[in-house]
1. For residue 62, which of the numbered conditions (1) in contact with a His (Cβ under 7 Å, 6 or more places away or on another chain); (2) free of Cβ contacts under 8 Å to residues at least 40 places away in the same chain fails to hold?
2. Out of 25, 50, 8, 41, report the one residue that is among the hydroxyl-bearing types (Ser, Thr, Tyr) and in contact with a Cys (Cβ under 8 Å, 6 or more places away or on another chain).
3. Only one of 140, 158, 132 is in contact with a Leu (Cβ under 7 Å, 6 or more places away or on another chain), among the charged types (D, E, K, R), surrounded by 13 or more Cβ atoms within 10 Å (Cβ to Cβ) and not in a loop (DSSP other than H, G, I, E, B); which?
4. Being among the aromatic types (Phe, Trp, Tyr) and surrounded by fewer than 22 Cβ atoms within 10 Å (Cβ to Cβ) is the filter; apply it to the range 81-111 and report the residue that is nearest to the chain's Cα centre (by Cα).
5. Would you call residue 81 touching a residue at least 12 places away in the same chain (Cβ under 8 Å) and within 18 Å of residue 191 (Cβ to Cβ)?
6. Just need a number here: residues in the range 143-155 that are surrounded by 14 or more Cβ atoms within 10 Å (Cβ to Cβ), hydrophobic (A, V, I, L, M, F, W, C) and over 16 Å from residue 34 (Cα atoms).
7. Among the residues of the range 115-129, write down those that are surrounded by 15 or more Cβ atoms within 10 Å (Cβ to Cβ) and either touching a Ser or Thr at 6+ places or on another chain (Cβ under 6 Å) or among the aliphatic types (A, V, I, L, M) (or both).
8. Need the failing condition index for residue 191 against (1) assigned to a strand (DSSP E or B); (2) on the phi > 0 side of the Ramachandran plot, just the number.
Amino acid sequence: MKRKFLHSQDIDLLDSRKRVHLINSLGGFKSVSLIGTKSQSGNTNLSVFSSIFHLGPNPALIALIFRPSPPERDTLNNILESGFYTINHINESIYKKAHQTSARYDTAISEFEIVGLTSEFKNDFEAPFVKESNIQIGIEFREKIDISINNTTMVIGEIVQIYIPEDCISPDGFIDLEKANTITCSGLDSYHKTIQLDRLSYAKPDKEITSLIEN
């Protein structure tokens, strides 16, 4: 496979849209989910995010990055006001509706209603879950970190509620995301199904790795 070489000067010369697609794709396949929030006035908000990442299991922390653009700022404002939000995995049946939530709707418009997804409130949690999502996570806001180099914001939250199909959880806690029909993404607009290659044993210097999958 022939490789193309690009220097930082070449990247700077690209038109803005091409540069965005290129740099976003370099990060590889990413987690993509719907973030559900509710404003102080009671309006529900839903937005697709591919900048979600695990921070640690104890406490159970998860983070996401907000860009300075208006749609994401609605979600950020709701999180800071209410202190709660949800992360909802995207599956094959809803990925087009999920993608549509990235459109710049007016703050007063609920993306749930406009794209045809169902808001679900349960167990006294203050933010809406996506009913059509197979894996749903309730998050409580913990910390906000402003990143000055590109005017983005990291939001750190603690996982306080989890909803997972029972047959997707292994005895060791591993979640079978393929069985849950969770999809992934690359770049800004490409969505993918996955195929598991293997699960491997914990790596140690003096021990050969083995497969954890039963044949």
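1. It fails just one condition, (2).
2. Values: 25 fails: in contact with a Cys (Cβ under 8 Å, 6 or more places away or on another chain); 8 fails: in contact with a Cys (Cβ under 8 Å, 6 or more places away or on another chain); 41 fails: in contact with a Cys (Cβ under 8 Å, 6 or more places away or on another chain).
So the residue among 25, 50, 8, 41 that is among the hydroxyl-bearing types (Ser, Thr, Tyr) and in contact with a Cys (Cβ under 8 Å, 6 or more places away or on another chain) is 50.
3. Values: 140 fails: in contact with a Leu (Cβ under 7 Å, 6 or more places away or on another chain); 132 fails: not in a loop (DSSP other than H, G, I, E, B).
Going through 140, 158, 132 in turn, just one is in contact with a Leu (Cβ under 7 Å, 6 or more places away or on another chain), among the charged types (D, E, K, R), surrounded by 13 or more Cβ atoms within 10 Å (Cβ to Cβ) and not in a loop (DSSP other than H, G, I, E, B): 158.
4. If we filter the range 81-111 for residues that are among the aromatic types (Phe, Trp, Tyr), which is where we start, we get 84-85, 95, 105.
Imposing the further condition that a residue be surrounded by fewer than 22 Cβ atoms within 10 Å (Cβ to Cβ) reduces the set to 84, 95, 105.
Values: 84: 15, 95: 13, 105: 20 Å.
Only one residue tops the list, namely 95.
5. Values: touching a residue at least 12 places away in the same chain (Cβ under 8 Å): yes; within 18 Å of residue 191 (Cβ to Cβ): no.
No.
6. Adding up the residues that qualify gives 1.
7. Once the filter is applied, which keeps residues that are surrounded by 15 or more Cβ atoms within 10 Å (Cβ to Cβ) and either touching a Ser or Thr at 6+ places or on another chain (Cβ under 6 Å) or among the aliphatic types (A, V, I, L, M) (or both), the range 115-129 yields 115, 117, 119, 127, 128, 129.
8. Here residue 191 clears every test but (2).
The values are calculated or read from the model by the stated rules, or taken from the named source; none is laboratory data. Fair warning: this is a prediction, and the values are worked out from it, not measured in the lab. Cβ: placed from backbone, ideal geometry, glycine included. Neighbour counts: every protein chain shown.
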